[in-house]
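Below is one structure. I have some questions about it.
No lab work stands behind these numbers, since they all come straight from the coordinates. Note that the structure is a prediction, hence the values are computed from the model and not measured. Every residue, glycine among them, receives a Cβ derived from its backbone with ideal geometry; neighbour counts consider all protein chains shown.
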Amino acid sequence: MTSTLSRAIAHYPNRFDPGVVSKLPEHLQETIRRRSKALGPGYTLIYREPVEFVSGYGAHLIDRDGNDYLDAYNNVPCVGHAHPHVAEAVARQMAVVNTNTRYVQEALVDYAERLLSTFPEELSKLSIACSGSEANDLAVRVARFHTGGEGIIVTRWAYHGITREVASFSPTLGAGSPLGPNVRLIDAPDPRLVAPGSTLDEHMRQQVRGAVDDLERHGYRLAALITDCAHSSDGIFTDPPGYMRAVVEEVHAAGGVYIADEVQSGFARLGESMWGFSRHGVLPDIVTMGKPMGNGLPISGVVFRPEICEEFGRNVRYFNTFGGSSIPVAAGAAVLDVFEKENVQQRVLENGNALRAGLREITKNSPYVAEVRGAGLFVGVEIVKDRQTLEPDRALAEDVINDMRDRHILISGTGTSANTLKIRPPLAFDSADVTRFLETFAEVAKNRL
C-alpha cells in the first residue's frame, strides 16, 4: 500500500504510517480511523503497530490485553506512572479548591521556595506556566526585553517548543516550520566534529562567534543562546562536561543571555546533579522546565536571575490562568517529596551507569553501532551502516526500535537522521528494569546488530 506520510511527519522518528492501518488488528483500525476523523492536524502515532495503554505504574505500562510494557522512553511521568503520592496529592487538592496566582496561596510560595532551593542562589525568581513551549516563549520574551536584541542561537536540530515564536527556533520541526531570519544554528557538541589539534571548547566557542558575527552582519543583536543540556533532538550529546563555559563566555561578551532548557535534562535526568547545566560549572541567566516537574500534569517553570527579569516585570504584565494554580502546584510539590523520600538522583546515577555499561558491552563488536553515549537515564545508541564512514542507518534503527516494541519494551529515535536510539525512561526505572532491558536488547542486537 502507498505510504500516506505527510511532509510534516516525514522526518519524525519512528512514526506510524497511516497508509498501513488496514494491516492492524481490527480494534486498532477502528480507533485509529475514528481518531483521524475527529482530531485536528499534527497528531502522530509511533511504532509500526501502535499500542494502546490502559494503566501504568513505575516504569511500566499495561495494554488493553494486560501485557506489561517496560517504558524506556517517556520522560514526562518523571517519578513514575501513576505514582501514588502524586496521584493522592492531586486528588486531595482537586477536592478542595483550585485558584490562581491572583489570590494568596501559601502552598504556591512554599513550592516556589522549595524548587528554587535546588538552584544556585543567584537564580532566585520563578514564573510558572503550563508547558515547556510556554516556558521557552516567556524566557525569550524576557531575554529580548533585557538585551534589546532579537538574535537567537540554537543547535542545528534543536527542539524547544511549538508556539509560533518558539517554533521559529526549533529546526527539528522541519521545512514546514520555517526558521526566523533572526535565528542562527550551531553544531551540537559532538567531539567528532572537532578539527585535529583543537578542543571541543574551542570548536563551540568558534561556532558561537560565527553565529554572532553573522547575526550582526544582518542587523541583529544577540538576545539569547538557548540549549537543551542533553541536546536530545540533535542525537543526545552530554559529554564531556565543561565546554559550556566557553560558550557562555562568548554569549555574554556579545551582550546576550544564556537560557538553559532543562525540560528534558532537568530533575536529575543526567544523574550527577539536579540540573544539566550544573555538570558544566556554568550559571545560566534563565532556566526553563517542563511537564516532568508535575509528573505529567500541565506545569512548567522559568527561573531567572532577578536582574534579568525585574525590568520586564515592571513594564510588561504576565499572567497565566493555570500556571501556578493550586492543582498543578500540588503535583509539583508531591514530585519534590518523592525526590527526597526515594533518593531519586542516586537511583538515576546508579541505574544509568549500569544501563550504559551493559549497552556498551552488548554492542562493542557491532559494526553498526557508532557509539553509546549519554548520562544518567538519558542514553543514545547511534546506529550506522559502517563504523568507519558513520553513514546513518535510519532503517536499521527503526527495525531495532520496533523489535523492542514487539518484545514489550518502549524506546524511540532521535538525531538529524533519526538513527540514534533514544532511551529515556521514567526515573522510577530500577535495577530489575535495567536487567530486563539489557536482556531484551541483547536478543534484538543478536539478530540486528
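With charges only on Cβ, +1 for K and R and -1 for D and E, what is the dipole size of the stretch 84-341 about its Cα centre, in debye, rounded to 20?
Working: 22 positive and 31 negative charges, 111 e Å.
Value, rounded to 20: 540 debye.
Follow-up question, since we're still on this one. Would you work out which of Leu126, Gly40, Val303 lies farthest towards the positive end of the dipole of the chain, given +1 charges on the beta-carbon of Lys and Arg and -1 on that of Asp and Glu, about the Cα centre?
Value: Gly40.
Just want the ordering: Met274, Met293, from fewest to most Cβ atoms lying within 10 Å of their own Cβ.
Values: Met274 16, Met293 27.
Going from sparsest to densest Cβ surroundings: Met274, Met293.
Right, here's the next one. Name the most mobile residue of Glu342, Glu26, Glu361, meaning the one with the largest mean-square fluctuation, in a Gaussian network model of the chain with Cα contacts below 10 Å.
Fluctuation is largest for Glu26.
Pick out, in residue order, every one of the chymotrypsin sites (Phe, Trp or Tyr not before Pro) in the stretch 90-179 that is DSSP loop and has at most 13 other C-beta atoms within 10 Å; say none if there are none. Could you put the intermediate results ahead of the total?
Details: sites: Tyr103, Tyr111, Phe145, Trp157, Tyr159, Phe169; in loops: Tyr103, Trp157, Tyr159, Phe169.
Filter output for the stretch 90-179: Tyr103.
So for the stretch 3-119, averaging the separation of alpha carbon pairs under 8 Å that are six or more residues apart and normalising by length, what relative contact order in percent results?
Details: 78 pairs, mean separation 18.0, N = 117.
Relative contact order here is 15 percent.
Hey, another quick one. Highest GNM mean-square fluctuation, the chain, Cα pairs closer than 10 Å: which of Asp17, Asp433, Asp63?
Sorting by GNM fluctuation, first place goes to Asp63.
Follow-up question, since we're still on this one. Pick from Asn98, Asn402, Asn182: which is most flexible by mean-square fluctuation in a GNM of the chain where alpha carbon atoms under 10 Å apart are linked?
The residue with the greatest mean-square fluctuation here is Asn98.
Mind checking the dipole of the stretch 22-73: about its Cα centre, +1 per Lys or Arg Cβ, -1 per Asp or Glu Cβ, Debye to the nearest 20?
Numbers: 7 positive and 8 negative charges, 80 e Å.
Dipole magnitude for the stretch 22-73 comes out near 380 debye.
With runs of 4+ DSSP H residues as the only contributors, calculate the mean residue ellipticity of the chain at 222 nm using -39,500 (n - 2.57) per run, divided by the residue total and rounded to the nearest 500.
Values: 12 runs with 161 residues, N = 449.
The per-residue figure over the chain is -11500 deg cm²/dmol.
Also: Calculate the spin-label point distance for Asp337 paired with Arg209, positioning each point 7 Å from the Cα along the beta-carbon direction, and give it in nanometres.
According to this spin-label approximation, the distance is 5.3 nm.
I need the peptides 231-243, 118-130, 27-39 ranked by packing, meaning the mean over residues of other C-beta atoms within 10 angstrom, with the highest value on top.
Details: 231-243: 22.0, 118-130: 18.5, 27-39: 11.8.
Highest to lowest by the protection proxy: 231-243, 118-130, 27-39.
Still on this structure: Using Cα pairs closer than 8 Å and at least 6 residues apart in sequence, work out the relative contact order for the stretch 84-341, in percent.
Numbers: 491 pairs, mean separation 75.4, N = 258.
In percent, rounded to a whole number, it is 29.
To the nearest 20 debye, what charge dipole does the chain have about its Cα centre, counting +1 at the Cβ of each Lys and Arg and -1 at the Cβ of each Asp and Glu? Display every interim value, and only then the final one.
On the way: 46 positive and 56 negative charges, 192 e Å.
It works out to roughly 920 debye.
Give the share of C-alpha pairs in each 10 angstrom bin for the chain, from 0 to the last occupied bin, in whole percents, shortest bins first.
4, 20, 31, 28, 14, 3, 0
Can you return the lysines within cross-link range of Lys37? Criterion is Cα-Cα under 27 Å, with same-chain partners fewer than 8 residues away left out.
Lys23
To continue, here is another question. Taking the Cα centroid of the stretch 193-214 and of the stretch 334-401, what is the distance between the two, rounded to the nearest whole Å?
If you average the Cα positions of each part, the centres end up 27 Å apart.
Right, something else. Which of Val51, Val142, Val381, Val90 comes first, and how do the rest follow, when ranked by fewest Cβ neighbours within 10 Å? Spell out each step's value before the answer.
Values: Val51 16, Val142 27, Val381 30, Val90 20.
Ranked by crowding around the Cβ, least crowded first: Val51, Val90, Val142, Val381.
Give the relative contact order (percent, whole number) for the chain; include only Cα pairs under 8 Å separated by 6+ residues. Walk me through the intermediate numbers first.
Values: 907 pairs, mean separation 93.7, N = 449.
Across the chain, relative contact order equals 21 percent.
Which GluC sites (Glu not before Pro) from the stretch 132-180 combine a DSSP loop assignment with at most 11 other Cβ atoms within 10 Å?
Details: sites: Glu134, Glu150, Glu165; in loops: Glu150.
Here no loop site has a sparse enough neighbourhood.
Along the charge dipole of the chain, which of Ile62, Ala354, Ser198 sits closest to the positive end, that is, farthest toward it, with unit charges on the beta carbon of Lys, Arg, Asp and Glu (+1, +1, -1, -1)?
After comparing all options, I get Ile62.
Let me ask something else about it. Take every DSSP beta bridge whose two residues both sit in the chain, then give the antiparallel share in percent to the nearest 5.
On the way: 32 of 49 bridges.
Of all bridge pairs located within the chain, approximately 65 percent are antiparallel.
May I ask you to list, by number, the DSSP H helices of the chain whose Cα span along the axis is at least 20 Å and whose average Kyte-Doolittle hydropathy reaches 0.0 or more?
Numbers: long enough: 132-147 (22 Å, -0.26); 200-217 (25 Å, -1.22); 326-342 (24 Å, 0.81); 344-363 (28 Å, -0.40); 431-448 (25 Å, -0.33).
Within the chain the helices that satisfy the rule are 326-342.
If we count other beta carbons within 10 Å of each Cβ, what is the order of Asp228, Asp137, Asp393, Asp406, fewest first? The partial results should precede the final answer.
Numbers: Asp228 26, Asp137 22, Asp393 19, Asp406 12.
The order, fewest Cβ neighbours first, is Asp406, Asp393, Asp137, Asp228.
Quick one: if the Förster radius is 60 Å, what FRET efficiency do Tyr103 and Ala195 give, using the C-beta to C-beta distance and rounding to 0.05? Don't skip to the answer; put the middle values down first.
Details: r = 57 Å, r/R0 = 0.96.
FRET efficiency, Tyr103 to Ala195: 0.55.
A further question on this structure: Just grab the label-to-label distance for Ser124 and Ala357, each label 7 Å out from Cα along the Cβ direction, in nm (one decimal).
4.2
Using 0.36 nm per residue, how much length does the chain from Asp110 to Phe53 gain when fully extended, once their Cα-Cα distance is taken away? Mind showing how you got there, number by number?
On the way: separation 57, 0.36 × 57 = 20.52 nm, distance 3.50 nm.
Length difference between fully extended and current span is 17.0 nm.
When the label point is put 7 Å from the Cα of Asn447 along its Cα-to-beta-carbon vector, which residues of the stretch 384-420 have a backbone N closer than 18 Å?
395-412
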